[in-house]
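A.B. asks: Mind having a look at this structure? Questions to follow.
The values are calculated or read from the model by the stated rules, or taken from the named source; none is laboratory data. Just so it is clear, the structure is predicted and the values come from calculations on it, not from any experiment. We place every Cβ from the backbone using ideal geometry, glycine too, and count neighbours over all the protein chains shown. Note: areas computed on protein heavy atoms with side chains; ligands, DNA, RNA excluded. Shrake-Rupley method; radii C 1.70, N 1.55, O 1.52, S 1.80 Å.
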Amino acid sequence: YAAHADLPLPEEPHLAYFHAATLLREHRGDGHLAVLMSAGLDGLEAVVTHTATGKGMTPKWVFGTRGWNQEEWDAASGRLRERGLLDGDGELTEAGVALRAEIETETDRLDRAPYEHLGAEGVARLTELGTGFARLALAAGAFPRDLLGKR
């Protein structure tokens, strides 16, 4: 976040929006990484647990875009099984579901300040703009159908 916050605000409205979105994403990401580390999850373990929720990238896309491979995925899954967070089928256990919920709750807590600063009206406008952009990108085929999910 800090590196992006030092950049000048672009004058063009679409670039200013992108810059602001980047600041919000990086602010949340910084807090999320701290929470994941506090939970004792390494990078791939965090991805495996997120994928197990059905909301993360499928292994195919993780391997192709993040550089991990099946052997590393299997090793991370094994570590998660040993901790009681993943079952033998790669599904989150009750403890795994609880941990993911705690991670998201704590990340949300750490990420409140920018949205409190924007206020309800600002957040509503940001949501309106973001939803419109996301729908346009989705309609244009920017997101492969098999990007998100468990398998």
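A.B. asks: Compute the angle between helix 43-52 and the longest alpha-carbon principal axis of the chain, please, reported from 0 to 90 degrees and rounded to the nearest 10.
C.D. replies: Taking Cα atoms only, the helix is inclined about 90 degrees.
A.B. asks: Past the 14 angstrom mark, what percentage of all C-alpha to C-alpha distances in segment 56-105 do you count?
C.D. replies: Numbers: 700 of 1225 pairs.
The share of Cα pairs beyond 14 Å in segment 56-105 comes to 57 percent.
A.B. asks: Express in % the proportion of alpha carbon pairs of segment 62-139 at distances exceeding 17 Å. Before the final figure, lay out each step's value.
C.D. replies: Values: 2055 of 3003 pairs.
I get 68 percent for the Cα pairs in segment 62-139 exceeding 17 Å.
A.B. asks: A follow-up question, please. Hey, what number do you get for the chain at 222 nm if only DSSP H runs of n ≥ 4 count, each worth -39500 (n - 2.57), divided across all residues, to the nearest 500? Don't skip to the answer; put the middle values down first.
C.D. replies: Working: 7 runs with 106 residues, N = 151.
So the helix-based figure for the chain works out to -23000 deg cm²/dmol.
A.B. asks: Ignoring ligands, DNA and RNA, what accessible area per residue does segment 23-67 give at 1.4 Å, in Å²?
C.D. replies: Details: 2200 Å² over 45 residues.
In whole numbers, segment 23-67 has 49 Å² accessible per residue.
A.B. asks: Set Lys and Arg Cβ to +1 and Asp and Glu Cβ to -1, take the dipole of segment 23-151 about its Cα centre, and tell me which of ALA140, PRO114, VAL35 lies farthest positive.
C.D. replies: ALA140
A.B. asks: If you don't mind, there's one more thing I want to ask. Can you give me the distance in nm between label points at LEU147 and GLU121, each placed 7 Å from the Cα along the Cα-to-Cβ direction?
C.D. replies: Distance between the two pseudo-spin positions: 3.3 nm.
A.B. asks: To test your reading of the geometry: what angle, between 0 and 90 degrees and rounded to tens, separates the Cα axis of helix 13-38 from the longest principal axis of the chain?
C.D. replies: Between the helix axis and the principal axis of the chain, the angle is about 30 degrees.
A.B. asks: Treating the angle as unsigned and between 0 and 90°, give the value, to the nearest 10°, between the Cα long axis of helix 94-110 and the longest Cα principal axis of the chain.
C.D. replies: That works out to roughly 20 degrees.
A.B. asks: Tell me, what is the percent relative contact order of the chain, built from C-alpha pairs under 8 Å that lie six or more residues apart? The partial results should precede the final answer.
C.D. replies: Numbers: 112 pairs, mean separation 47.8, N = 151.
Computed over the chain, the figure is 32 percent.
A.B. asks: Using +1 on the beta carbon of Lys and Arg, -1 on that of Asp and Glu, and nothing else charged, what's the dipole of segment 1-106 about the Cα centre, debye to 20? Let's see the in-between values first.
C.D. replies: On the way: 9 positive and 18 negative charges, 27 e Å.
In total the dipole reaches around 120 debye.
A.B. asks: Same structure, new question: How large is the convex hull of the C-alpha atoms of segment 11-87 per residue, in Å³?
C.D. replies: Given the Cα convex hull of segment 11-87, per-residue volume reads 107 Å³.
A.B. asks: While we're here: How big is the shadow of the Cα convex hull of the chain, averaged over all directions, in nm²?
C.D. replies: Numbers: hull surface 41.4 nm².
With the hull built on Cα positions only, its mean projection is 10.4 nm².
A.B. asks: If you don't mind, another one. So how do 86-95, 64-73 stack up, highest first, on mean other-Cβ count within 10 Å? Please report the intermediate quantities before stating the final value.
C.D. replies: Values: 86-95: 14.0, 64-73: 12.2.
Per-residue mean Cβ counts within 10 Å order the peptides as 86-95, 64-73.
A.B. asks: Excluding THR51 itself, calculate the net charge of residues whose Cβ lies under 10 Å from the Cβ of THR51, where each Lys or Arg counts +1 and each Asp or Glu counts -1.
C.D. replies: Working: positive: LYS55, LYS150, ARG151; negative: none.
With Lys, Arg at +1 and Asp, Glu at -1, the net is +3.
A.B. asks: Of PHE18, PHE63, which has the most accessible area and how do the rest follow, probe 1.4 Å? Working shown, then result.
C.D. replies: Values: PHE18 135, PHE63 50 Å².
Reading off the accessible areas and sorting them downward yields PHE18, PHE63.
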